[in-house]
Amino acid sequence: PKPGVMFRDITPLLQDPRAFRALIDIFVYRHMRQRIDLVVGIDARGFIFGSALAYALGVGFVPVRKEGKLPHKTVAQSYSLEYGDATVEVHQDAVKPGQRVILVDDLVATGGTMLAAIKLLQLLGGNVVEAAAIVDLPDLGGSAKIAQTDTPFFSICQFTGD
C-alpha cells in the first residue's frame, strides 16, 4: 500500500480452509444454474478466486493481467487508480463473441481495474453476466461506477468509513 491508502487484506480468508471454501461456495451457488462459459479473474488475487470458481463450475478460466505479462497478442485498457495509472491486458482470443463470463476480483475500491476489465471483455464481444468481488469499498465509488455500465455487481461484504 501507498501512504494514505487504506489496505484491506483478504489473505486470512485464504489461510482458513472453511472460510475459503465458503467464499467459493457462495459464488458457485450464485451461478451454478446459469449458463456461464468462462470465469475471468483480475491480476492477481482474482486469479485465486476465479480459478477455483471456474473449476467448481466446470468452465474455463481467463486471466486479465497487468501490462506486459501475457505471452501472446493482447488487447489493452488503461485506467486510473487511487494512487496512479495502470494498464491491464487480455489475450485477444481469450473470449469469443457472445460468451457469457463472470468477472472476479478480491476487492473493488475506485473500480478502475474492474471497469477496464469490463471494457476489454466487451471489446472482445463477451457478455459480462456479473462483476463480483469479495470486498466492496462503496465510499470510494467503484461499485456505483460499475452499476452505471449496466453490468450487475455483487460483493460478499462491504467496508465503509475508516
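Laboratory data are not the source of any read-out in this text; all were calculated from the coordinates shown. Being a predicted model, the structure only gives us computed values, none of them experimental. Neighbour counts are summed over all protein chains in view; Cβ atoms, including those assigned to glycine, are modelled from backbone coordinates with ideal geometry.
Things worth noting here:
- Residue selected from the stretch 131-156 under the condition in contact with a Lys or Arg (Cβ under 9 Å, 6 or more places away or on another chain) and either among the polar types (S, T, N, Q) or within 22 Å of residue 89 (Cβ to Cβ) (or both), by the criterion surrounded by the most Cβ atoms within 10 Å (Cβ to Cβ): 132
- Strands (runs of 3 or more DSSP E) within the stretch 1-98 that include 2 or more residues among the small types (Gly, Ala, Ser), surrounded by fewer than 19 Cβ atoms within 10 Å (Cβ to Cβ) and in contact with a strand residue (DSSP E or B) (Cβ under 8 Å, 6 or more places away or on another chain): 74-81
- Residue list for the stretch 17-60, restricted to those being small (Gly, Ala, Ser) and without any contact (Cβ under 8 Å) to a residue 24 or more places away in the chain: 19, 22, 44, 51, 54, 58, 60
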